[in-house]
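Undergrad: Right, I'll just put the structure down here and ask away after.
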Number of protein chains: 2
Amino acid sequence: MFSGAQISLYPMSDDFADVILGALSALDPYRDQLRIETDDISTLLVGTPDVVMAAMRDLFVAAAKSGKHCVMHATLSRGCPGEPDDPICHVPEMTGPLAPLEERRAQALAAVSSIPLAGQPTAAQFSLYTLGIGQHMDEIYGCIDFIKSSGVFDKSKNFCTKLRGDAAPVFATVGEAFVRFGPPQGHVTIDLTVSANSPSAI
Amino acid sequence: MFSGAQISLYPMSDDFADVILGALSALDPYRDQLRIETDDISTLLVGTPDVVMAAMRDLFVAAAKSGKHCVMHATLSRGCPGEPDDPICHVPEMTGPLAPLEERRAQALAAVSSIPLAGQPTAAQFSLYTLGIGQHMDEIYGCIDFIKSSGVFDKSKNFCTKLRGDAAPVFATVGEAFVRFGPPQGHVTIDLTVSANSPSAI
């Protein structure tokens, strides 16, 4: 199993580089559990989904606390057949048989409801893709059912689902969608955008 | 068939709103061929892939000409079983049987090589997802073969492929990937990021 994310942080500010550099220490608690590589487009985080999502959340919240309009984009992936197995990515959720949708939905809701708040309002939208299987929409609709009960559901949009709420349950909801839907050892990806401090927020 | 994109434009500047508003007239030539809806996270463009890609390219180039570091993100989708059929989206590439990979690769290369340059250097990365089919990596590897011959291939990264070059062939390459790979009436998505004027470009 290989899992991780290509992430990018966009502060809409003349001092965008300083906002990013000022937020990077938020990654420090996670550095020994991640492999990190940066280029001019994105930063790769390789690790277990829980660590990757927590690192993304803390980095985004640190940047958003600047008060600037900030957006984070992430391309999440697990189980891609083209990637090598990596021990740094192993977690129980990604082994074993595929449990019934209702059971996974309950596990996801329990995980989201136990998260302490981060104190940062956000809006977000994401698309879940379960690859290499027929009937892929069953998993996607099952995931949408979970999201509608998550407490951070905002609305359905074309091609994605929109969330709104505190950064902690928002990132937790996306993280649960990522590990609980699609086969445990299957190829699953997410296209995620998270926004804070937008002047056009409604 | 339903196709389009959720797009977002991120100028890394205090006057980000003015950069976006100043670029919007680039969409004018396409407005009668698109359905457009905006909220605080993204703008939906519904239309044929060629029109959607051209509109995205012109909007991005107009924003990048400001000289500010600008990034565009797009979630492209066609053929999603959850979306209604829409006559505004009909194109010949998305009907008929699936042609052999080599034939589609040649068509894609011919289309990219005929594009006039836009005069705007860019870096980009994208992931192609062909959903609801087994052996999905065959289409993805076929697409990567095309990209390596496109003239704008930069490098393979985890979870995505990176492009570099003039905005016109970069957007054309992504557009060809979108319509030529995966079954004509299948569910195909792309997670795309395009960047210009980055101070950390290498």
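Undergrad: So what's the back-of-envelope 222 nm ellipticity for chain A, counting only DSSP H runs of four-plus at -39500 (n - 2.57) apiece and dividing by all residues, rounded to 500?
TA: Numbers: 5 runs with 64 residues, N = 202.
That comes out to -10000 deg cm²/dmol.
Undergrad: Across the residues of B:8-19, average count of Cβ atoms on other protein chains within 10 Å?
TA: Numbers: counts 6, 1, 11, 4, 11, 5, 7, 2, 9, 4, 0, 1.
Neighbouring Cβ atoms belonging to other protein chains average 5 per residue here.
Undergrad: Which of A:Val179, A:Ser150, A:Pro199 sits closest to the plus end of the dipole of the range A:137-202, meaning its Cα is farthest towards the positive end, when Lys and Arg get +1 and Asp and Glu get -1 on the C-beta?
TA: Value: A:Pro199.
Undergrad: What whole-number volume per residue, in cubic angstrom, does the convex hull of the C-alpha atoms of chain A give?
TA: Working: hull volume 24.1 nm³, N = 202.
Residue-normalised Cα hull volume stands at 119 Å³.
Undergrad: Okay, moving on. Enter the mean number of other protein chain beta carbons within 10 Å of the beta carbon of each residue in A:156-167, as an integer. Before the final figure, lay out each step's value.
TA: Working: counts 1, 7, 16, 17, 7, 0, 5, 1, 2, 0, 0, 0.
Mean number of neighbouring Cβ atoms from other chains: 5.
Undergrad: Find, to one decimal place in angstroms, the Kirkwood hydrodynamic radius of the range A:43-113, where the mean of 1/r is taken over every pair of different Cα atoms and then inverted. Intermediate results must be reported in sequence, preceding the final value.
TA: Working: mean 1/r = 0.0678 Å⁻¹.
One decimal place: 14.7 Å for the Kirkwood radius.
Undergrad: For chain A, set up a Gaussian network in which alpha carbons nearer than 10 Å are linked by springs, and say which option among A:Gly165, A:Gly67, A:Gly96 fluctuates the most.
TA: A:Gly96
Undergrad: Among B:Ala62, B:Ile140, B:Met94, whose Cα projects farthest towards the positive end of the dipole of the range B:40-143, with charges put on the beta-carbon of Lys, Arg (+1) and Asp, Glu (-1)?
TA: Result: B:Ala62, furthest along the dipole toward the positive end.
Undergrad: Of the lysine pairs in chain A, how many meet both conditions: Cα atoms under 22 Å apart, and a spacing of 8 or more in sequence or different chains? Don't jump to the answer; show the numbers that get you there.
TA: Details: A:Lys65/A:Lys162; A:Lys68/A:Lys162; A:Lys148/A:Lys157; A:Lys148/A:Lys162.
Eligible lysine pairs with Cα atoms under 22 Å apart amount to 4.
Undergrad: Pull up all non-local amide H partners of A:Thr122: gap of 5 or more, or a different chain, and H-to-H distance under 5 Å with H placed in the peptide plane.
TA: For A:Thr122, whose amide H was placed from the backbone, the distant partners under 5 Å are A:Gly165, A:Asp166, A:Ala167.
Undergrad: Now a separate question. Evaluate the range B:27-147: find the radius of gyration of its Cα atoms, find its Kirkwood radius, and give the ratio Rg to Rh.
TA: Values: Rg = 16.0 Å, Rh = 16.7 Å.
When Rh is taken as the Kirkwood radius, the ratio is 0.96.
Undergrad: Can you give me the three principal axis dimensions of the range A:90-202 from its C-alpha atoms, in Å, biggest first?
TA: Principal extents (largest minus smallest coordinate, Cα): 44, 30, 24 Å.
Undergrad: Sort B:82-88, B:21-27 by packing, meaning the average of other beta carbons within 10 Å per residue, with the highest value first.
TA: Working: B:82-88: 12.0, B:21-27: 15.1.
Listed from highest to lowest mean packing, they are B:21-27, B:82-88.
Undergrad: Let me ask you something else. What does the net charge come to around A:Arg57 if you take all other residues with beta carbon closer than 11 Å to its beta carbon, with K and R at +1 and D and E at -1?
TA: Within the 11 Å Cβ shell, the charges total -3.
Undergrad: State which helices in chain A qualify, where a helix is a whole DSSP H run, it must extend 15 Å or more along its own axis by its Cα atoms, and its mean Kyte-Doolittle hydropathy must be at least 0.0. Please report the intermediate quantities before stating the final value.
TA: Details: long enough: A:49-64 (22 Å, 1.18); A:101-113 (18 Å, -0.10); A:136-148 (19 Å, 0.11); A:167-180 (19 Å, 1.05).
In chain A, the long hydrophobic H runs are A:49-64, A:136-148, A:167-180.
Undergrad: Bin by bin, in steps of 20 Å, what percent of the Cα pairs in the protein assembly as shown do you find, going until the bin that has the longest distance?
TA: P(r) for the protein assembly as shown, in whole percents per bin: 29, 62, 9.
Each reported figure results from applying straightforward, stated rules to the coordinates on display, with no laboratory input. Everything numeric in this text was worked out from a predicted model, so none of it was measured. As a convention, Cβ positions derive from the backbone with ideal geometry for all residues, glycine included, and neighbour counts pool all protein chains shown.
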